[in-house]
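As structure tokens, the structure follows; a few thoughts come after it.
The values are calculated or read from the model by the stated rules, or taken from the named source; none is laboratory data. Just so we're clear, the structure is a prediction, and the values are computed from it rather than from any experiment. Glycine also receives a Cβ, built like all others from the backbone with ideal geometry; neighbour counts cover every protein chain displayed.
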2 protein chains.
Amino acid sequence: MSLHAVILAGGSGTRFWPLSRAKRPKQFLALATDRSLIVETLARVAALAPPERAWVICGKDHADLVRSELPTMLAGRVLVEPAARNTAPAIGLAAIYALHEDQQATLCVLPSDHHIANPEAFRTAVARAAAAAQDGTLITLGIKPTRAETGYGYLRRGSERGADLYAVDAFVEKPDAKTAERYFSDPAYSWNAGIFIFRADAILKAIERNLPVLHHGLMTMAASIGKPDEAATLAEAFPRLPAISIDYGVMEPEGKLGHLAQVPGDFGWSDVGSFDALSDVKALDARGNLLAGDAFAIDCDNTILLGENGRTLAGVGLRDLIVVDAGDALLVLPRDRAQDVRAIVEALKAAGRHDKL
Amino acid sequence: MSLHAVILAGGSGTRFWPLSRAKRPKQFLALATDRSLIVETLARVAALAPPERAWVICGKDHADLVRSELPTMLAGRVLVEPAARNTAPAIGLAAIYALHEDQQATLCVLPSDHHIANPEAFRTAVARAAAAAQDGTLITLGIKPTRAETGYGYLRRGSERGADLYAVDAFVEKPDAKTAERYFSDPAYSWNAGIFIFRADAILKAIERNLPVLHHGLMTMAASIGKPDEAATLAEAFPRLPAISIDYGVMEPEGKLGHLAQVPGDFGWSDVGSFDALSDVKALDARGNLLAGDAFAIDCDNTILLGENGRTLAGVGLRDLIVVDAGDALLVLPRDRAQDVRAIVEALKAAGRHDKL
């Protein structure tokens with residue numbers, strides 16, 4: 001068994017504006033440690049997947065940034081999508097490339113913009129999953145919930161299929177608060193972190209079963225790998241692939257066919273989904289404030305003050321507020337409005353202010 | 001009668017940090033209009049006191065800034081205090097210089113860091129006061145209150161002494177909220193704006209009566225004006241003058257002697273005492289927000305967003321908040337904590353951060 005890391009870096013979210021910009025999305029920000037999330041993602045899995053088995057899939061606009069952030073990446077292993085087509089085509093692309101080099105390739109698909117507090121426990125779960133995947137089962141990691149979270153999708157556990165291995169009964173949509181409380185007290189429910197482990201040949205078979213048009217496109221591209229028309233075929237075929245997520249397009253239907261299993265995980269996972277989530281992954285002061293850069297907080301509670309570039313950021317008497325000073329823009333909003341960062345991004349777009357996006 | 005404007009520019013307050021800094025105090029900021037408060041102060045009185053009768057008193061650190069901000073000031077009319085000694089010595093200094101040139105000099109003493117919405121009404125009141133001052137009476141303008149303000153001192157009106165002229169019964173300290181309500185509903189009470197009109201010879205006599213040590217020092221300096229030892233005498237004598245305010249040292253005791261009168265004024269005066277006060281002097285949007293620079297406010301109310309230098313300042317869901325982005329520092333605090341800006345300044349001092357003061 002040889003494990004290949006497949007890091008999905010095509011995201012272009014706006015929830016960390018103004019820290020994140022179109023040219024530098026969230027995965028390239030050092031949100032949890034002093035290294036960017038994508039650098040941590042690769043480092044975390046390096047002991048299982050050395051550089052010759054590490055792949056990154058990203059968009060054209062970020063290929064140079066990926067190469068400079070991840071200097072250990074080998075040439076040809078940064079797969080650049082000619083157009084964004086969601087996760088099923090991205091993972092399919094990684095599968096055909098990995099399989100071209102390694103018929104035994106087992107893929108560990110990793111979002112590039114999450115944080116994991118306990119990498120050792122993470123690697124243990126991945127290794128268990130990789131072993132379980134050798135019979136062709138598609139494996140997902142089910143994260144043990146630490147709170148009644150309404151912002152995540154859940155996995156419902158089915159019958160036991162081995163040591164630390166369970167069937168996945170269902171993918172469950174983000175719940176309301178009351179339902180989330182119920183899930184939190186029921187061990188059958190775990191968070192879906194979007195971390196998948198499967199053999200490359202198995203995921204391609206699953207794609208063939210569920211998304212034949214995608215499979216056909218992938219086979220066209222696979223046939224050109226290493227040939228003179230490889231780049232032209234990718235540029236031609238990839239943008240025409242159906243844009244669909246691996247969860248919705250493959251995992252959910254495969255779950256119904258009994259081909260999907262989960263390995264439980266409890267390793268301090270966070271999707272670092274908004275500024276509000278930073279207090280889960282960073283050290284706080286005695287009054288619950290998160291201070292970065294040259295920040296002065298006087299009589300503040302549960303407040304996030306993120307400064308940079310030597311600019312002084314002073315707060316007095318603030319409660320549950322987020323202040324982010326980033327280059328040529330500054331954001332202030334209450335923590336319970338953290339999801340509304342996108343409203344600012346939309347307003348800037350509407351105002352034609354692409355200089356600040 | 002010849003009216004001389006005496007603009008007091010020695011202030012070094014911290015309530016507008018980080019807009020104001022030690023090198024550029026409040027009077028040099030364009031807080032109310034697109035010109036600085038001191039420029040507006042001089043312009044407002046220019047029709048009554050042309051350049052040959054305009055004086056500015058300031059500290060050493062700001063003399064160059066005064067000259068560059070006020071290019072119409074004549075040489076020798078920017079009087080530089082060798083040390084800060086409060087308002088009585090500053091006004092005494094202006095009196096001896098004005099008197100040296102003009103035995104009929106009537107002084108209109110003006111703080112340099114206030115705003116007046118209706119300059120025409122202001123000039124009418126000053127002209128009335130100047131006429132009333134010719135018999136040696138010391139005149140102050142009593143501002144008609146527009147709200148139950150606890151942040152100002154008050155004047156209590158006594159008997160009528162002529163058209164638009166009343167005795168001043170008492171200087172009244174800043175009241176508590178309940179007392180301020182009472183003052184607001186009683187026409188006998190007006191705000192003390194620190195605007196005084198008196199003949200130069202009359203204020204020097206009043207200083208002699210109440211502050212003989214100050215008077216002696218002033219006479220020493222007066223004797224040297226135009227002589228080779230003028231600068232040396234100022235440098236030697238001024239720092240040894242008693243540091244005392246004109247209100248406390250002269251006006252209050254003169255009031256008790258019946259030498260003080262007030263002219264009522266109602267001309268949209270504001271001392272622009274804090275960031276919170278800016279909403280009194282600037283245009284607001286429909287939800288009570290004050291936006292300056294490249295500011296985006298989404299679902300904000302009664303919030304002040306002051307940006308500058310092309311940096312974008314975005315607020316979402318804010319209520320009664322102040323955000324000030326100024327050069328290499330940024331301040332965020334609730335409006336009802338506006339007076340606590342000094343706490344930040346003190347914290348910076350304590351941290352040895354003179355680079356940001």
Legend entry - Single residue of the stretch B:282-309 satisfying the filter (within 14 Å of another protein chain (Cβ to nearest Cβ) and of a type in the set (Gly, Ala, Ser)) that is farthest from the chain's Cα centre (by Cα): B:297
Inset, instruction - Could you please find all residues in the stretch A:95-116 being assigned to a helix (DSSP H, G or I) and in contact (Cβ under 8 Å) with a residue 40 or more places away in the chain? - result: A:95, A:96, A:97, A:98, A:99, A:100
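Would you call residue B:267 assigned to a loop (DSSP other than H, G, I, E, B), buried (at least 18 other Cβ atoms within 10 Å of the Cβ) and in contact with a strand residue (DSSP E or B) (Cβ under 8 Å, 6 or more places away or on another chain)?
Working: assigned to a loop (DSSP other than H, G, I, E, B): yes; buried (at least 18 other Cβ atoms within 10 Å of the Cβ): yes; in contact with a strand residue (DSSP E or B) (Cβ under 8 Å, 6 or more places away or on another chain): yes.
Yes: the conditions hold for residue B:267.
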Inset, instruction - Could you list all residues from the stretch B:324-353 that are of a type in the set (Val, Ile, Thr), closer than 22 Å to residue B:290 by Cα and facing another protein chain (nearest Cβ under 8 Å)? - result: B:332, B:341
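Is it true that residue B:306 is under 24 Å from residue A:319 (Cβ atoms), outside the structural domain of residue B:141 (by TED's automatic domain parsing), free of Cβ contacts under 8 Å to residues at least 60 places away in the same chain and buried (at least 18 other Cβ atoms within 10 Å of the Cβ)?
So residue B:306 fails the test.
Checking the structure you have, find out if any residue of the stretch A:228-238 is outside any helix (DSSP H, G or I), surrounded by fewer than 16 Cβ atoms within 10 Å (Cβ to Cβ) and modelled with pLDDT of 95 or more. Step through it out loud before you land on a result.
Taking the stretch A:228-238 first, the residues outside any helix (DSSP H, G or I) are A:228-229.
Retained after the next criterion (residues that are surrounded by fewer than 16 Cβ atoms within 10 Å (Cβ to Cβ)): A:228-229.
Adding the requirement that they be modelled with pLDDT of 95 or more leaves A:228-229.
Within the stretch A:228-238, one or more residues are outside any helix (DSSP H, G or I), surrounded by fewer than 16 Cβ atoms within 10 Å (Cβ to Cβ) and modelled with pLDDT of 95 or more.
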Legend entry - Of residues in the stretch B:1-57 being free of Cβ contacts under 8 Å to residues at least 60 places away in the same chain and assigned to a strand (DSSP E or B), the one farthest from residue B:355 (Cα to Cα): B:54
Inset, instruction - Given the conditions (1) modelled with pLDDT of 95 or more; (2) within 30 Å of residue A:174 (Cβ to Cβ), report the number of the one that residue A:158 does not fulfil. - result: (1)
Inset, instruction - Restricting attention to strands (runs of 3 or more DSSP E) lying wholly within the stretch A:153-227, give those where 3 or more residues are aromatic (Phe, Trp, Tyr). - result: A:189-199
Inset, instruction - Tell me which of these residue B:278 doesn't satisfy, since it passes every other one: (1) farther than 30 Å from residue B:133 by Cβ; (2) surrounded by fewer than 18 Cβ atoms within 10 Å (Cβ to Cβ); (3) more than 8 Å from chain A (Cβ to nearest Cβ). - result: (2)
Legend entry - Meets criteria (farther than 25 Å from residue A:241 by Cβ, buried (at least 16 other Cβ atoms within 10 Å of the Cβ) and at pLDDT 95 or above) for residue A:35: no
Legend entry - Selection status of residue A:352, over 30 Å from residue A:124 (Cα atoms), assigned to a loop (DSSP other than H, G, I, E, B) and more than 26 Å from the chain's Cα centre (by Cα): yes
Legend entry - Residue list for the stretch A:173-218, restricted to those being closer than 19 Å to residue A:111 by Cβ and surrounded by fewer than 18 Cβ atoms within 10 Å (Cβ to Cβ): A:173, A:174
Legend entry - Flag for residue B:266 being acidic (Asp, Glu) and under 21 Å from residue B:136 (Cα atoms): no
Legend entry - Test result for residue B:315, at pLDDT 95 or above, out of contact with any Pro (no Cβ under 8 Å at 6 or more places or on another chain), outside any helix (DSSP H, G or I) and surrounded by 20 or more Cβ atoms within 10 Å (Cβ to Cβ): yes
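Among A:280, A:325, which is of a type in the set (D, E, K, R), over 30 Å from residue A:86 (Cβ atoms) and not assigned by TED's automatic domain parsing to the domain that holds residue A:214? First the steps, then the outcome.
On the way: A:280 fails: over 30 Å from residue A:86 (Cβ atoms).
That would be A:325, the only listed residue that is of a type in the set (D, E, K, R), over 30 Å from residue A:86 (Cβ atoms) and not assigned by TED's automatic domain parsing to the domain that holds residue A:214.
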Inset, instruction - Pick out the one residue from A:19, A:42, A:48 that is in the same structural domain as residue A:118 (by TED's automatic domain parsing) and under 17 Å from the mean Cα position of the chain (by Cα). - result: A:42
Inset, instruction - Scan (1) at pLDDT 95 or above; (2) surrounded by 15 or more Cβ atoms within 10 Å (Cβ to Cβ); (3) touching a Lys or Arg at 6+ places or on another chain (Cβ under 8 Å) for the single condition residue A:242 breaks and write down its number. - result: (2)
Legend entry - Pair list, Cβ < 9 Å and 6+ apart or interchain, from the stretch B:255-275 residues that are free of Cβ contacts under 8 Å to residues at least 24 places away in the same chain and of a type outside the set (A, V, I, L, M, F, W, C) to residues that are assigned to a strand (DSSP E or B) and surrounded by fewer than 22 Cβ atoms within 10 Å (Cβ to Cβ): B:256/B:170
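Residue-by-condition table, conditions (1) within 20 Å of residue A:203 (Cα to Cα); (2) surrounded by fewer than 23 Cβ atoms within 10 Å (Cβ to Cβ); (3) touching a Ser or Thr at 6+ places or on another chain (Cβ under 7 Å); (4) not β-branched (Val, Ile, Thr):
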{"site": "A:30", "(1), (2), (3), (4)": "no, yes, yes, yes"}
{"site": "A:57", "(1), (2), (3), (4)": "yes, no, no, no"}
{"site": "A:85", "(1), (2), (3), (4)": "yes, yes, no, yes"}
{"site": "A:94", "(1), (2), (3), (4)": "yes, no, no, yes"}
